[in-house]
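The values are calculated or read from the model by the stated rules, or taken from the named source; none is laboratory data. Values in this document were obtained by computation on a predicted structure and should not be read as measured data. With ideal geometry, Cβ positions are generated from the backbone for all residues, glycine too; neighbour counts draw on all protein chains shown.
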Amino acid sequence: MKTKPLKYFGTDGIRGEYGGEIINEQFAFSLGFAYARFLEEKNCDKSKPIFLAKDTRPSGKKLLASCLRGLHQKNFKALNLGVLSTPALAFSIINQHALGGIMVTASHNPHTDNGLKIISNEGGKLSVDEEISIESFISECDDVPKDFAEPKIHKDSYIDNYIQNLKKWFKPNFLAGQKIVIDLANGATTEISPLALKTFGSEVICINGGDGLINDQAGSEFTDGLSQRVVQENADLGLAHDGDGDRIVFVDKKGIKIDGDQILGILAIHAKGNNSLQGNGFVATIHSNSGLVHSLAENLIQLNRSDVGDRNVFALMQEKNFNWGGESSGHIIYSNYLNTGDGLFSALSILECVVNTRREISSLAKQIKLWPSKATALNVNRKNPISSFKDLQCYLKEKRSSHKESFRTLIRYSGTEPKIRILVEAQEEELMNEVFNKVNELIKKHV
């Protein structure tokens, strides 16, 4: 297994508990300084701005101020845009020809966490090589100030420009007659998403719109409250964002959550139907259900799998020259629109499918017949190579020989916890349960 070369950056920025070893004001200042050094090395034009924004975590103000001060150390023009969703920040960077940006957020993580995402001038994630370069400059920063007062917020018309851009992609009032409940996770989308949905004509009922802590029993990770409210309001469907707005999940009018792989399938089939699916291909991750592969194949759509993480999804999209891809968690990329996930754009795209086909979202979801699956995570004391589990490898080889491609296993160690993650899926539930139980039994002997 290749050793991860990065010390701080994960698959989606840098995250951790606020006040810990990494996510604190001193580190945020150092990262701002290191990002400035990185841009200097590229001979970037210092007259162009760098945009910073944050979600609603209380710790975000000081972290943003710290990053900004670090950038100012190298005389870059860094501007605080205040509370803004990650995709709206990415669009603003492209729209205003900025050098890049920093988003202060821990996405769907608990409110006690925070994080830092660097966004390129093209509105996407940096490459691993670029992140390695930035990390190399962090150690150069040793003069860290103590005062991190919040800088002036430059509101301007960033939200309005973002909404105006959405109008180029969707027809006016196309949501007229739709009653939608949206869970805003008390996060960065509390202003922007209700405004967009109303702009396109829908009746909007908001929950968790800023009256509580971000992601605290709210948003895309906690949909029970959304489901109840959809049923109570007799709404057409429900949407839920994560804390920074790059993800979206859906519940139908009965309050039942739609599987994320079915959402990916709906988008792929709809895009093929209107001739906007580049290369007749779609990218999902190794976590996506095999039922998605087979359902798309029936529609003559090729599914390619990437490793976990939206950066890996996007990289494979570029390699294959595909323009749609995503994760079953609700992080979906349409590269013709933006080089990163935008939960609001994805929601509007699914709503367009619902409106154009005159079918409920639950009916559209049935096009994607998912295989029965089970997943678990076992605590481990050591991370021995899975290839060394000879009895497990023999069992799986024997099963694959007798059952061909009618089941799939995904066994891997967590990159952040002392755990081994196990996923088993099969066309038949009986086979899935049999393999799942046996795999668990054999792995427990080794961990």
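General remarks:
- Any hit, segment 341-363, residues being closer than 24 Å to residue 408 by Cα and in a loop (DSSP other than H, G, I, E, B): no
- Residue that is modelled with the lowest pLDDT [pool: residues in segment 121-160 that are in contact with a helix residue (DSSP H, G or I) (Cβ under 8 Å, 6 or more places away or on another chain), closer than 16 Å to residue 94 by Cα and not hydrophobic (A, V, I, L, M, F, W, C)]: 125
- Inclusion of residue 181 among residues that are in a strand (DSSP E or B) and out of contact with any Pro (no Cβ under 9 Å at 6 or more places or on another chain) is warranted.
- Residues that are aliphatic (A, V, I, L, M), under 26 Å from residue 55 (Cβ atoms) and touching a residue at least 40 places away in the same chain (Cβ under 8 Å), drawn from segment 236-286: 237, 239, 240, 248, 249, 258, 263, 264, 267
- Residue within segment 158-166 that is among the aromatic types (Phe, Trp, Tyr), in contact (Cβ under 8 Å) with a residue 60 or more places away in the chain and under 21 Å from residue 250 (Cβ atoms) present: no
- Candidates 362, 306: the one that is of a type in the set (Ser, Thr, Tyr), out of contact with any helix residue (DSSP H, G or I) (no Cβ under 9 Å at 6 or more places or on another chain) and at pLDDT 95 or above is 362.
- Residue list for segment 317-350, restricted to those being of a type in the set (Val, Ile, Thr) and within 19 Å of residue 252 (Cβ to Cβ): 332, 350
- Segment 347-399: number of residues that are surrounded by 13 or more Cβ atoms within 10 Å (Cβ to Cβ) and among the polar types (S, T, N, Q): 9
- Some residue of segment 89-109 being over 26 Å from residue 208 (Cβ atoms) and among the hydroxyl-bearing types (Ser, Thr, Tyr): no
Results for (1) more than 21 Å from the chain's Cα centre (by Cα); (2) under 18 Å from residue 343 (Cβ atoms); (3) in a loop (DSSP other than H, G, I, E, B), shown as yes or no for each residue.
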{"residue": "168", "(1), (2), (3)": "yes, no, yes"}
{"residue": "173", "(1), (2), (3)": "yes, no, yes"}
{"residue": "186", "(1), (2), (3)": "no, yes, yes"}
{"residue": "198", "(1), (2), (3)": "yes, yes, no"}
{"residue": "222", "(1), (2), (3)": "no, yes, yes"}
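- Enumeration of residues in segment 294-312 that are out of contact with any strand residue (DSSP E or B) (no Cβ under 7 Å at 6 or more places or on another chain) and either within 14 Å of residue 326 (Cβ to Cβ) or of a type in the set (Lys, Arg) (or both): 309
Residue by residue, here is whether (1) crowded, with 24+ Cβ neighbours inside 10 Å; (2) assigned by TED's automatic domain parsing to the domain that holds residue 322 holds:
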position: 197; (1), (2): no, no
position: 210; (1), (2): no, no
position: 244; (1), (2): yes, no
position: 281; (1), (2): no, yes
position: 289; (1), (2): yes, yes
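- Test: residue 271 is outside the structural domain of residue 195 (by TED's automatic domain parsing) and over 30 Å from residue 404 (Cβ atoms): yes
- Residue within segment 121-143 that is part of a strand (DSSP E or B) and either crowded, with 24+ Cβ neighbours inside 10 Å or not basic (Lys, Arg) (or both) present: yes
- Checking residue 214 against (1) buried (at least 21 other Cβ atoms within 10 Å of the Cβ); (2) part of a strand (DSSP E or B), the condition it does not meet: (2)
- Test: residue in segment 179-189 that is closer than 12 Å to residue 84 by Cβ and either among the small types (Gly, Ala, Ser) or modelled with pLDDT under 95 (or both): yes
- Checking residue 107 against (1) within 16 Å of the chain's Cα centre (by Cα); (2) crowded, with 23+ Cβ neighbours inside 10 Å; (3) at negative phi, the condition it does not meet: (3)
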